[in-house]
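J.: Mind looking over this structure? Questions follow.
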């Protein structure tokens, strides 16, 4: 992934977080929790706003047979919310704690590099839209909002040793801690909100 210009909102969010680069692993702080929750709520709002008021025709419209519709992108976001959080809670947080390990990737890098759509990637099989069980946008959004509430709650009250549990992140090809994995989940939502906006900006997108 390549760097993109850091937006004002990113600077605002990062001002709430403490620097983690080159720091020894330690319990997640109140400031880090606050920053993480704020970013999760921010990207949730971006997603909800991006699909608000769209008609069925607009939701299902595709620029080409091999392109995703707004509905399919939304399904992917909802599937990823469950898939990544279950990885964090079910596997990463159950790994042995490593208090002497540090993450080479920072919150700032995640919040700028992951949403950057300069480079496109193939979605893993389990979170492709054709694996989604939902027949309507209403059902997909209900699932997303329920799972995002769980993610936010975990960030607010989850284990203090999130900074000491590590797992390989395929996007960065580096191990990052559980706290940063949650930031990655949020940034993934923002990345695909940008994809939705690209669909909506297409000249062929239905007016209603």
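J.: Mind checking the angle between helix 137-157 and the chain's longest principal axis? C-alpha axes, 0 to 90 degrees, to the nearest 10.
T.: 10 degrees
J.: May I ask you to order 37-46, 152-161, 103-112 by the average number of other C-beta atoms within 10 Å around their residues, highest value first? Provide the component values of the computation, followed by the final result.
T.: Details: 37-46: 19.3, 152-161: 16.0, 103-112: 20.9.
Packing order, densest peptide first, comes out as 103-112, 37-46, 152-161.
J.: Work out Dmax and Rg for the chain from the C-alpha atoms and quote the Rg first, both in angstrom.
T.: 17.2, 55
J.: May I pose another question? Give me the extension gain from residue 125 to residue 99: residue separation times 0.36 nm, minus the current Cα-Cα distance, reported in nm with one decimal.
T.: Details: separation 26, 0.36 × 26 = 9.36 nm, distance 3.34 nm.
Result for the pair: 6.0 nm of gain on full extension.
J.: Sort 79, 48 by Cβ crowding within 10 Å, fewest neighbours at the top. Numbers along the way, then the final one.
T.: Details: 79 24, 48 14.
Sorted ascending by nearby Cβ count, the order is 48, 79.
J.: Now for a separate question. Principal axis extents for region 69-133, Cα atoms only, whole Å, descending order, please.
T.: The Cα atoms of region 69-133 stretch 45, 29, 15 Å along the principal axes, largest first.
J.: Let me have the relative contact order for region 97-208, percent, based on Cα pairs under 8 Å that are six or more residues apart. Please list the in-between numbers first.
T.: Working: 74 pairs, mean separation 47.6, N = 112.
It rounds to 42 percent for region 97-208.
J.: Let me ask something else. Listing 186, 82 from the residue with the fewest other Cβ atoms within 10 Å to the one with the most, what is the order?
T.: Values: 186 30, 82 17.
Taking fewest neighbouring Cβ atoms as first place, the list is 82, 186.
J.: For the chain, find the longest principal axis of its Cα atoms and tell me its angle to the long axis of helix 30-51, 0 to 90°, nearest 10.
T.: That helix lies at roughly 10 degrees to the long axis.
J.: Let me ask something else about it. Hey, rough spin-label estimate for residue 157 and residue 198, points 7 angstrom out along Cα→Cβ, what's it come to in nanometres?
T.: That separation, rounded to one decimal, is 3.9 nm.
J.: So, one more: Among 121, 85, 166, which one shows the highest mean-square fluctuation when the chain is modelled as a Gaussian network with alpha-carbon springs under 10 Å?
T.: For the chain, modelled as a Gaussian network with Cα springs under 10 Å, the answer is 121.
J.: Angle between the Cα long axis of helix 178-201 and the longest principal axis of the chain, 0 to 90 degrees, nearest 10?
T.: With both axes taken from Cα atoms, the answer is about 20 degrees.
Here, each number is a calculation from the coordinates, and none is a lab measurement. Just so we're clear, the structure is a prediction, and the values are computed from it rather than from any experiment. Note: ideal-geometry Cβ built from the backbone for every residue, glycine included; neighbour counts use all protein chains shown.
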